[in-house]
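The values are calculated or read from the model by the stated rules, or taken from the named source; none is laboratory data. All values derive from a computational prediction rather than experimental measurement. Positions of Cβ are backbone-derived with ideal geometry, glycine not excepted, and every protein chain shown enters the neighbour counts.
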Amino acid sequence: MRWGVITFPGSCDDHDVIDCLKTDLGQKVKVLWHKDELAGNFDCIVLPGGFSYGDYLRCGAMARFSPIMRGVMKFAQSGGLVLGVCNGFQILCESGLLPGALVRNTGLRFICQPVHLRVEETDAPFTSNLKKGQLLRMPVKHGEGCYYADAKTLESLRKNRQILLRYVDAKGKPTATANPNGSVENIAGICNQARNVFGLMPHPEDACSALLGSEDGAKLFMSIAAACAVRVSPHV
Amino acid sequence: MFEAASHQFIQPAVTPELVAAHGLSTDEYEKIIKALGREPNYTELGVFSVMWSEHCSYKSSRYYLKNLPTEGRHVLQGPGENAGVVDIGGGLAVAFKMESHNHPSFIEPYQGAATGVGGILRDIFTMGARPLASLDSLRFGAIDHPRTRYLLSGVVAGIGGYGNCIGVPTLGGECYFDECYNANILVNAFTLGLVKKNRIFTGIARGTGNPVIYVGSKTGRDGIHGATMASESFSEEKEQRRPTVQVGDPFTEKLLLEACLELMEKDFIIGIQDMGAAGLTSSSTEMAGRGGAGIELELSAVPLREKGMTPYEILLSESQERMLLVGRRGTESEIKKIFEKWDLDAVVIGEVTDDQQFRALWQKHEVARIPIRALTKDAPAYQRPATRPVYQEQVQQFDLAKLKEPGDLNAALKQLLGAPNIASKEWIYRQYDHYVRANTVIAPGADAAVIRIKGTHKGLALTVDGNSRYCYLDPYVGGVLAVAEAARNLACVGARPIGLTDCLNFGSPENPEVMWQFAQVIQGMRSACLALNVPVVSGNVSFYNETDSVPIYPTPTIGMVGLIEKIDRVVTPWFKASGDIVVLLGRTREELGGSEYLKWLHGVTRGTPPWIDLKMESAVQRCCTEAIEQEVLCSAHDVSDGGMAVALAECCIGGEKPLGVRIESREMIRGDALLFSESQSRIIVSLKEENLDKLREIAARHNVPMQAIGTVGGPRFIFEPLVQVSVEELKGIWSTGLTSRLK
């Protein structure tokens, strides 16, 4: 399994993803720089969280123009796995790899707290090792994590079963109080129609060790690793 | 007189009015003339005024600060550098410091607080350390003061806005409200970083001919005379000083942080310093001062944001996100390459000289020439008059017998738990990213925050603490208690203190009563540091926190760092399981003087702060740490503001699932004192019954009084025979105590 983690200017969680993949999960990781072209063999490219270009414009709006994103688009279109966490999710939406948008939290403030997530679908590589209805616990930390899509897009997300994760309460119910940012239908993570591009607001990389309070993030990463063991990744 | 590129710049004549406007006294001006052997020109006057400001020169505090113990076996760098550094073994060290940004935060809360965070972060990565955690100590006016909500929202958003964006976790801190801060809020920011012991960098200029390199943001007119502003008291019209507050750009600082740390892996630089207060002037002269060198700057090479800036403005600008470094000659292009990668300017603006002079040029014409010593070592230092305030005796008078005990102690506890100083601060720390860097073992809300050190079994515990009410009533005892409580916080998670940093926030040093408070607080801190064996490795003094001659309470804020040898053994303050035994380490006395109970329920700030025996304090702390290290305890929580009842309630409701408790205490003192007394050297712990003997053995060895006072379990908080309330209700009151008052 070959992971590539991109550092954009302003990426903050790149080190966290790299460390947890290497140290906690024993994975092979290549660190990628946003100014370079994407070159080499990868099974999964990760766009980490943070504040690319300071996010002074719309979150992720600048990073999509980074040179490396050309290769990432091509890799995704050829069926390669792409994972966007938080700011990475925002970049994937901005670049059109995922539908919808992430807007200001309804509470208007940055929020940082642990949340419960419910696995909604398991026929995407990212959740293939998990069970439908399984609960995961990991933190969210963002100012603009309110997922929004118009009715038509939502309809097609539902129809194609692209909603992979929802915010739920400790009992697994997608209630309003369990929704930290006002996301439509409590959506926490979605994939594209081809099911090879996945974006989520919560941070699995901060939940890969019992010492830090949860190992549920590792379950997501290991799901990806398991899926890659039996699939062929495109060469770019 | 000389020509600037785009306009004529004529140095204005130096008149007595101009000297006074620069905050320099007649004596100080005489001293300048003596140092130069002539009258200064306008630019030089500006340089002297910032370097001799209280903020940069510590002229009123140096005499007393000498009394603080700064040495210890593990101290690698004490006060005087950008940050203190302490060895934590295994080739690693931690750099940490705390700094105030009080005045700017009052004038413009978001940017004031944000740039405070930016400044302390630069102090840390300047040392070569990767910042791993920040904490903040905040003081606002009364919760119902009309400005408090605006200031609190702005400060918290500013701290979060900067820290979140740069990717350094903010692990909480403390926040208090008191009317003494109505017109002078306090924002003290603490950051800790991790550095390899053999890769520590300092702010030093050495080696004649080595290039002086400017990196980071361009220079603008923002913040000119910020250091001077921080060295004056507020009056009504000073609130108009918004333009002296700088604007933060955390994105640029993130690039600067990564670029500097990348550069520091190479062997290209001699020294590096952040351009903080007094900007280019202080960074260049302090670096030269430490290296015993001189420095020459060509100001026309400085990257500028605005046209037509004068040498005076360039030297005094406090634009953010800038660093000054001294490189090894011949490595300039390598250094530039690294900054180019991160899209940052890196420009050679001068060189190190051997004449011990600070020389500033504008297009090769000299505009300032001052001996470095005059700006650094020979800056004025005063032993200002100090007198005990006349009110001191009077405020200590307090007759507990005359205080009516509340009829309903259930109601009293509820009121106290909902008090803004005690209620949950989740509304604040929820706005801070406290997970980034994936090290957070104990998140905000506990006695101390805990992070792991990747690649080791060790951890670090961090806390900021201070009780200004105690310091007001008795500044010496207040100074002792501030240090003692910070260390106790660390003991409660199982850490041993390794060093402290402080922010000393006071009124005007020109007021003898304030100076007396300052001297007393320092003496108190000294006593506690010696008894608890904690060296002071860095710090900051903020005077002039007063408005219209009314000073704030003396407020020393202590930032303390503790080392944990086995990170998987730490405990949190919250009760874990029904059936666990609750034990009180230490002893409760009738000590309500200066307590939160007295203030919030009776509106009284009087009496003497609680008594402390530093030997007992040290013993209680060691007992707790040892019990945690031996895995005897399930939880440990310091008893402080609000006393035992509040501490016990927090143990019940602070965790994820509220748990009840039943307490039976045999102390024969009045009920409100038993519940709310703030007697020192007390820790509430919980443990499995089978471990009770082990704890007894440890306590006996340290000569610490311990008493099994109750059992965890049930839906109610019961303190026989005084209090009986449902924990769900207490949790509701505590959780909304702050937010309900901000609506």
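Which ones in segment B:172-193 are of a type in the set (A, V, I, L, M, F, W, C), closer than 19 Å to B:Gly445 by Cα and under 13 Å from the mean Cα position of the chain (by Cα)?
B:Cys175, B:Val187, B:Ala189, B:Phe190, B:Leu192
Among the numbered conditions (1) assigned to a helix (DSSP H, G or I); (2) farther than 17 Å from B:Ser283 by Cβ; (3) away from chain A (no Cβ under 14 Å), tell me where B:Ile335 comes up short.
(2)
(1) crowded, with 24+ Cβ neighbours inside 10 Å; (2) farther than 17 Å from B:Asn164 by Cβ; (3) at pLDDT below 95: which one isn't true of A:Met62, the others all being true?
(1)
How about segment B:703-723: which of its residues are more than 15 Å from B:Val583 (Cα to Cα) and touching a helix residue (DSSP H, G or I) at 6+ places or on another chain (Cβ under 7 Å)?
Selection gives B:Asn703, B:Pro715, B:Arg716, B:Phe717, B:Leu722, B:Val723.
Quick one: B:Phe190 ticks every box in (1) touching a helix residue (DSSP H, G or I) at 6+ places or on another chain (Cβ under 9 Å); (2) within 14 Å of chain A (Cβ to nearest Cβ) except a single one, so which number is it?
Among (1) touching a helix residue (DSSP H, G or I) at 6+ places or on another chain (Cβ under 9 Å); (2) within 14 Å of chain A (Cβ to nearest Cβ), the lone unmet condition for B:Phe190 is (2).
Could you tell me whether any residue of segment B:612-621 is touching a residue at least 24 places away in the same chain (Cβ under 8 Å), crowded, with 17+ Cβ neighbours inside 10 Å and under 20 Å from B:Gln396 (Cβ atoms)?
Within segment B:612-621, the subset touching a residue at least 24 places away in the same chain (Cβ under 8 Å) is B:612-621.
Applying the additional criterion that residues be crowded, with 17+ Cβ neighbours inside 10 Å yields B:612, B:614, B:616-621.
After this cut, where a residue has to be under 20 Å from B:Gln396 (Cβ atoms) as well, the list is B:612.
Yes, some residue in segment B:612-621 is touching a residue at least 24 places away in the same chain (Cβ under 8 Å), crowded, with 17+ Cβ neighbours inside 10 Å and under 20 Å from B:Gln396 (Cβ atoms).
Evaluate the following for B:Val493: is it within 14 Å of chain A (Cβ to nearest Cβ), touching a residue at least 12 places away in the same chain (Cβ under 8 Å) and not basic (Lys, Arg)?
Judged against the criteria, B:Val493 is a match.
Kindly state which strands (runs of 3 or more DSSP E) lie completely within segment B:413-469 and contain at least 3 residues that are at pLDDT 95 or above and over 23 Å from B:Ala491 (Cα atoms).
Details: elements: B:440-442, B:449-452, B:459-465.
Once the strands (runs of 3 or more DSSP E) in segment B:413-469 are filtered for at least 3 residues that are at pLDDT 95 or above and over 23 Å from B:Ala491 (Cα atoms), nothing remains.
Any residue in segment B:161-173 that is hydroxyl-bearing (Ser, Thr, Tyr) sitting within a Cβ distance under 6 Å of a residue that is in a strand (DSSP E or B)? List the pairs, counting only those 6 or more apart or interchain.
Matching pairs, first to second residue: B:Thr170/B:Ser134.
Taking only pairs six or more apart or across chains, which ones have beta-carbon atoms under 8 Å, a first residue in segment A:50-68 that is within 11 Å of another protein chain (Cβ to nearest Cβ) and on the phi > 0 side of the Ramachandran plot, and a second residue that is assigned to a strand (DSSP E or B) and surrounded by 20 or more Cβ atoms within 10 Å (Cβ to Cβ)?
Qualifying pairs under 8 Å: A:Gly50/A:Ser11.
Condition first: of a type in the set (D, E, K, R), at pLDDT below 95 and within 24 Å of B:Leu121 (Cβ to Cβ). Now tell me which residues in segment B:34-90 satisfy that.
B:Glu54, B:Glu81
Looking only at segment A:129-146, how many residues end up being over 13 Å from the mean Cα position of the chain (by Cα), more than 9 Å from every other protein chain (Cβ to nearest Cβ) and part of a loop (DSSP other than H, G, I, E, B)?
7
Here is a check on your reading of the model: is B:Pro380 within 22 Å of the chain's Cα centre (by Cα), away from chain A (no Cβ under 14 Å), farther than 30 Å from A:Ala210 by Cα and assigned to a loop (DSSP other than H, G, I, E, B)? Spell out how you get there, then give the answer.
Working: within 22 Å of the chain's Cα centre (by Cα): no; away from chain A (no Cβ under 14 Å): yes; farther than 30 Å from A:Ala210 by Cα: yes; assigned to a loop (DSSP other than H, G, I, E, B): yes.
It is false that B:Pro380 is within 22 Å of the chain's Cα centre (by Cα), away from chain A (no Cβ under 14 Å), farther than 30 Å from A:Ala210 by Cα and assigned to a loop (DSSP other than H, G, I, E, B).
Here is a check on your reading of the model: is A:Cys86 free of Cβ contacts under 8 Å to residues at least 40 places away in the same chain, farther than 28 Å from A:His235 by Cβ and surrounded by 17 or more Cβ atoms within 10 Å (Cβ to Cβ)?
Considered against the rule, which asks whether it is free of Cβ contacts under 8 Å to residues at least 40 places away in the same chain, farther than 28 Å from A:His235 by Cβ and surrounded by 17 or more Cβ atoms within 10 Å (Cβ to Cβ), A:Cys86 comes out as no.
If I ask for residues that are under 23 Å from A:Arg195 (Cα atoms) and out of contact with any helix residue (DSSP H, G or I) (no Cβ under 9 Å at 6 or more places or on another chain), which ones from segment A:104-117 would you list? Steps first, please.
Step one: of segment A:104-117, the residues under 23 Å from A:Arg195 (Cα atoms) are A:116-117.
A:His116 - this is the single residue of segment A:104-117 that is under 23 Å from A:Arg195 (Cα atoms) and out of contact with any helix residue (DSSP H, G or I) (no Cβ under 9 Å at 6 or more places or on another chain).
Any residue that is farther than 22 Å from A:Cys112 by Cβ, touching a strand residue (DSSP E or B) at 6+ places or on another chain (Cβ under 8 Å) and surrounded by 24 or more Cβ atoms within 10 Å (Cβ to Cβ) - is there at least one of those in segment B:129-137? Quick ask: steps written out before the conclusion?
Taking segment B:129-137 as the starting set, the residues that turn out to be farther than 22 Å from A:Cys112 by Cβ are B:129.
With the extra rule that they be touching a strand residue (DSSP E or B) at 6+ places or on another chain (Cβ under 8 Å), the set shrinks to B:129.
Then keep just the ones that are surrounded by 24 or more Cβ atoms within 10 Å (Cβ to Cβ); that gives B:129.
The answer is yes; a qualifying residue exists.
Just to check your reading of the model, which residue among A:Cys86, A:Cys93, A:Cys44 is under 20 Å from A:Glu144 (Cα atoms), touching a Pro at 6+ places or on another chain (Cβ under 9 Å) and away from every other protein chain (no Cβ under 14 Å)?
On the way: A:Cys86 fails: away from every other protein chain (no Cβ under 14 Å); A:Cys44 fails: under 20 Å from A:Glu144 (Cα atoms).
Answer to the selection: A:Cys93.
Looking at segment B:530-546, is at least one residue farther than 23 Å from B:Tyr64 by Cα and in contact (Cβ under 8 Å) with a residue 40 or more places away in the chain?
no
Scan (1) under 29 Å from B:His22 (Cβ atoms); (2) over 24 Å from the mean Cα position of the chain (by Cα); (3) surrounded by 20 or more Cβ atoms within 10 Å (Cβ to Cβ) for the single condition B:Glu298 breaks and write down its number.
That leaves (3) as the condition not met.
Select from segment A:53-74 the residues that are in contact with a helix residue (DSSP H, G or I) (Cβ under 9 Å, 6 or more places away or on another chain) and assigned to a loop (DSSP other than H, G, I, E, B) and write down the one among them that is farthest from A:Gly145 (Cα to Cα).
Going through the qualifying residues, I end up with A:Ser66.
So B:Thr148 fits all but one of (1) within 14 Å of chain A (Cβ to nearest Cβ); (2) hydroxyl-bearing (Ser, Thr, Tyr); (3) surrounded by fewer than 24 Cβ atoms within 10 Å (Cβ to Cβ); what number is the exception?
Every listed condition holds for B:Thr148 apart from (1).
Take the residues of segment B:718-737 that are farther than 28 Å from B:Glu617 by Cβ and more than 35 Å from the chain's Cα centre (by Cα): which is surrounded by the most Cβ atoms within 10 Å (Cβ to Cβ)?
The residue in question is B:Val725.
Can you tell me which of B:Gln392, B:Gln397 is surrounded by 14 or more Cβ atoms within 10 Å (Cβ to Cβ) and away from chain A (no Cβ under 14 Å)?
Step by step, each of B:Gln392, B:Gln397 is checked, and only B:Gln392 is surrounded by 14 or more Cβ atoms within 10 Å (Cβ to Cβ) and away from chain A (no Cβ under 14 Å).
Output the number of the condition that B:Gly154 fails; it satisfies all remaining conditions of (1) away from chain A (no Cβ under 14 Å); (2) free of Cβ contacts under 8 Å to residues at least 60 places away in the same chain; (3) out of contact with any strand residue (DSSP E or B) (no Cβ under 6 Å at 6 or more places or on another chain).
For B:Gly154, the exception is condition (1).
Given the structure, is B:Leu481 touching a residue at least 60 places away in the same chain (Cβ under 8 Å) and in a strand (DSSP E or B)?
Values: touching a residue at least 60 places away in the same chain (Cβ under 8 Å): yes; in a strand (DSSP E or B): no.
So B:Leu481 does not fit the description; no.
Condition check ((1) farther than 30 Å from B:Asp267 by Cα; (2) touching a Ser or Thr at 6+ places or on another chain (Cβ under 9 Å); (3) at pLDDT 95 or above) across all residues:
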position	(1), (2), (3)
B:Leu135	yes, yes, yes
B:Arg139	yes, yes, yes
B:Ala142	yes, yes, yes
B:His145	yes, no, yes
B:Thr148	yes, no, yes
B:Ile159	yes, yes, yes
B:Tyr181	yes, yes, yes
B:Lys197	no, no, yes
B:Ile200	no, no, yes
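Are there any pairs with C-beta distances below 6 angstrom linking a residue in segment A:9-27 that is facing chain B (nearest Cβ under 9 Å) and over 9 Å from A:Phe221 (Cβ atoms) to a residue that is crowded, with 24+ Cβ neighbours inside 10 Å and of a type in the set (Gly, Ala, Ser), with the two at least 6 apart or on different chains, and if so which?
Here the result reads A:Gly10/A:Gly50; A:Gly10/A:Ser52; A:Ser11/A:Gly50; A:Cys12/A:Gly50; A:Cys12/B:Gly167; A:Asp13/A:Gly49; A:Asp13/A:Gly50; A:Asp16/B:Ala438, each pair linking segment A:9-27 to a residue that is crowded, with 24+ Cβ neighbours inside 10 Å and of a type in the set (Gly, Ala, Ser).
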